[in-house]
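To start, the structure under review is shown below, and the notes come after it.
The values are calculated or read from the model by the stated rules, or taken from the named source; none is laboratory data. From a predicted model like this one, the values you see are computed outputs, not experimental measurements. Glycine also receives a Cβ, built like all others from the backbone with ideal geometry; neighbour counts cover every protein chain displayed. Ligands, DNA and RNA are stripped out before the accessible areas are found, and what is left, the full protein with its side chains, is counted by its heavy atoms. Shrake-Rupley method; radii C 1.70, N 1.55, O 1.52, S 1.80 Å.
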Amino acid sequence: MTAMAATENGKKLRYAVIGAGMAGILAGIRLKERGETDFVIFEKGDGLGGTWRDNHYPGLTCDVPAHAYTYSFAPNPEWSAFYATGPEIRGYFNGVAEQYGVVPHIRYNSEVVGCVYDDATHQWEVTIVDGSKHVVDVVIAASGVLHHPKYPDIAGLDSFEGTCLHSARWDDSVETAGKRVGVIGCGSTGIQIVTALSGHSERVVHFQRSPQWIMPVPYFEYSDEDRQAFRDDVQKIDDIRYGDDYWSGIRRFTKAVTDVDGPEMKEIEAVVLRNLEDSIRDPELREKLRPNYRAACKRLIYSWSYYDAVQHPSVFVETGGIERVEPNGVRMKDGSFHELDILVLATGFHADRFIRPATVTGRAGASLDDAWSRRPTAYLAVSIPGFPNFFMLNGPTGPVGNFSLIDIAERQWGYVDQLIDQLRSGTHRAVEPSQAAMDDYEARRIDAAKRTIFGSGCTSWYLDAEGVPASWPWSYEAFSEAMDAPKLEDYLLHA
Ligand code: NAP
């Protein structure tokens, strides 16, 4: 792909980027690289970083190796450890946005509430929560996936008289040391919180409706010498980011996910089973922690310390059903009671929202809510028929799993940028995928998705309302190839 400045291309365009998280900052940087300066990044919060701004619970870590969870163009020799903490990652995004001159383009506290396409001008009118309206040629929806916290429907939750907080709405002033803490949920978040609180709180009760398989992974901190070596020679960073260790792992993982009875999946199953059998000493606890579904059906938990943490004498695992929350604790269905000072809801997110609740009205009055009434979807996870010049980063049906979403967003941007070239050339004023291309993609995707491990019989945020995995169901290589260049025959180009 040639990195020609927009001015050399012809038509100057105006852009609205929605969200100043990882993908929105990326879009801003890439636009600037193309010589585009007429863009605003609308951010609903009062800071950048998206999920890394919203989440600041104890133990927050990214379980993708830090040097791989980094923009390709902004390697960071300063990571403290193989897996970076939330605050470090937030600092990284703040630093990169500043360094690349994106910050002046961000408008904070500016939630987008509506986008309306004008069929005559081929422009979008973007409405902000304060009522202001902005007319642009292109909308880049980089609003993230997991940003609407899901509160559990448990009787009596409101009656709790201690501190109750969702993991994504953590209150840093809450003191957990010496307290009795209950954590509901054992996704990546609940596992990290319990690991962090183990041995620090007086008592931790981990409520697990569906225990998880745990993939053991190495963890180590980088020494000053390591960081100096990364500073001196970027190749050492590239060896991790692009090295065989990382990428052969990604390839094996996607092979396993898509070939559920193949040797790669058998290997994953053997490793997580051995981890459970070898790590948990008490047979009763081991049985409590044994999942009744296949490994990687839910997002696989990568942890180097949960099984140690959960065996600390102050940590208790509760796998019975919750009857109700009472003012001073949690009552189980068997009548037993856990008295608690703090109740943490690590109960996940509404993963089907994307840009919504903003209303999006496309060509000929098409409504995004209608287009997504069955399930949120997009052609190759990027664009939607009837919504010209509207592109998504980390949108529905993109790859999910234990990968770097930064890598995914960068590849998607490479693809979107080539579609925008159609507009920059001045020959076309709008581009959208054809309904036929969308229908063909979606039929093939759904068929393949049902056969992935995500569809093998468990609940998870990967599933849509009909129980179909809402993900890219093919290999990572197939995704990467699809993102190399758009097939223009799959698009409608409006003059
Ligand atoms: P999640 O994976 O959706 O897990 C939610 C947990 O809450 C599940 O254990 C679920 O049980 C439980 N739960 C929900 N409603 C409940 C109820 N009414 N009663 C009892 N239990 C209930 O959410 P998450 O842990 O926040 O993670 C979401 C995603 O964020 C992850 O999959 C990952 O993609 C991302 N994440 C990544 C990292 C990282 O290190 N890269 C860290 C944190 C999060 P069931 O399974 O039975 O439904």
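A simple charge model with +1 on the Cβ of Lys and Arg, -1 on the Cβ of Asp and Glu and nothing else charged puts the dipole of segment 157-345 at about 680 debye relative to its Cα centre. Multiplying the residue separation of Glu33 and Tyr151 by 0.36 nm and subtracting their alpha-carbon distance yields 38.4 nm. In the context of the full set of protein chains, residues of segment 157-345 present 48 Å² of accessible surface per residue (probe radius 1.4 Å, heavy atoms only).
Expressed in nm to one decimal, what extension gain is obtained for the pair Val129 and Thr85 from 0.36 nm per residue of sequence separation less their Cα-Cα distance?
Extending this stretch completely gives an extra 12.6 nm.
Applying 1/(1 + (r/R0)^6) with R0 = 51 Å to the Cβ-Cβ distance of Lys450 and Asp118 gives a FRET efficiency near 0.85.
Look at where the Cα atoms of segment 433-482 and of segment 73-118 average out, and the two centres are 29 Å apart.
Projecting the Cα atoms of Ser314, Cys164, Ala229 onto the charge dipole of segment 157-345 (Cβ charges, centred on the Cα centre) puts Cys164 farthest toward the positive pole.
Which listed residue (Ile89, Ile280, Asn109) has the Cα farthest towards the positive end of the charge dipole for the chain, taking +1 on Lys and Arg C-beta and -1 on Asp and Glu C-beta about the Cα centre? Positive-end residue among those listed: Asn109.
The stretch between Lys12 and Asp46, if pulled fully straight at 0.36 nm per residue, gains 9.3 nm over its current Cα-Cα span.
Of the trypsin sites (Lys or Arg not before Pro) in segment 402-472, the ones in a loop by DSSP (not H, G, I, E or B) with at most 16 other beta carbons within 10 Å are Arg451.
For segment 157-345, the share of accessible area belonging to carbon and sulfur comes to 47 percent (1.4 Å probe, ligands and nucleic acids excluded). Count Lys and Arg as plus one, Asp and Glu as minus one, and take only other residues whose Cβ is under 13 Å from that of Tyr293; the net charge is then +4. Dividing the convex hull volume of the alpha carbon atoms of segment 299-409 by its residue count gives 175 Å³ per residue. Working from Cα positions, state the angle (0 to 90°, nearest 10) between the long axis of helix 244-258 and the longest principal axis of the chain. For 244-258 against the chain, the angle is about 90 degrees.
Using Cβ point charges alone (K and R +1, D and E -1), the dipole size of segment 285-367 about the Cα centre works out to roughly 640 debye. Starting from the Cα of Asp439, step 7 Å along the direction of its Cβ; do the same at Thr427; then give the gap between the two resulting points in nm. Modelled inter-label distance: 2.8 nm. When +1 charges are put on Lys and Arg Cβ atoms and -1 charges on Asp and Glu Cβ atoms, the dipole computed for the chain relative to its Cα centre reaches about 700 debye. Both radii come from the Cα set of segment 157-345: Rg as radius of gyration, Rh as Kirkwood radius; their ratio Rg/Rh reads 1.04.
In this structure the amide hydrogen of Leu492, modeled in the peptide plane, comes within under 5 Å of the amide hydrogens of Glu432, Ser434, none closer than 5 places in sequence on its chain. Here the chain was treated as a single set of alpha-carbon atoms; its pair distances binned every 20 Å from 0 give 22, 55, 22, 1 percent.
Ranked from largest, the principal axis spans of the Cα set of segment 416-495 equal 49, 24, 19 Å.
So which chymotrypsin sites (Phe, Trp or Tyr not before Pro) in segment 181-277 pass both tests, a DSSP loop state and at most 15 other Cβ atoms within 10 Å of the Cβ? Loop-located and lightly packed - Tyr219, Phe220, Tyr242. In straight-distance terms, cross-link reach from Lys450 covers every one of the lysines whose alpha-carbon lies under 24 Å from its own, apart from those fewer than eight places away in the same chain; here that gives Lys255, Lys266, Lys298. When the pairs Lys44/Lys150; Lys32/Lys487; Lys44/Lys133 are compared against a 20 Å limit on Cα-Cα distance, Lys32/Lys487 fall above it.
Considering only Leu393, Gln435, Thr377, the residue lying farthest towards the positive end of the dipole of segment 336-495 is Gln435, judged by Cα position with unit charges set on Cβ.
Placing pseudo-labels 7 Å out from each Cα toward the beta carbon at Leu488 and Arg290 gives an inter-label distance of 6.0 nm. Packing, as the average of other Cβ atoms within 10 Å across residues, places the peptides 312-324, 21-33 in the order 21-33, 312-324, highest first.
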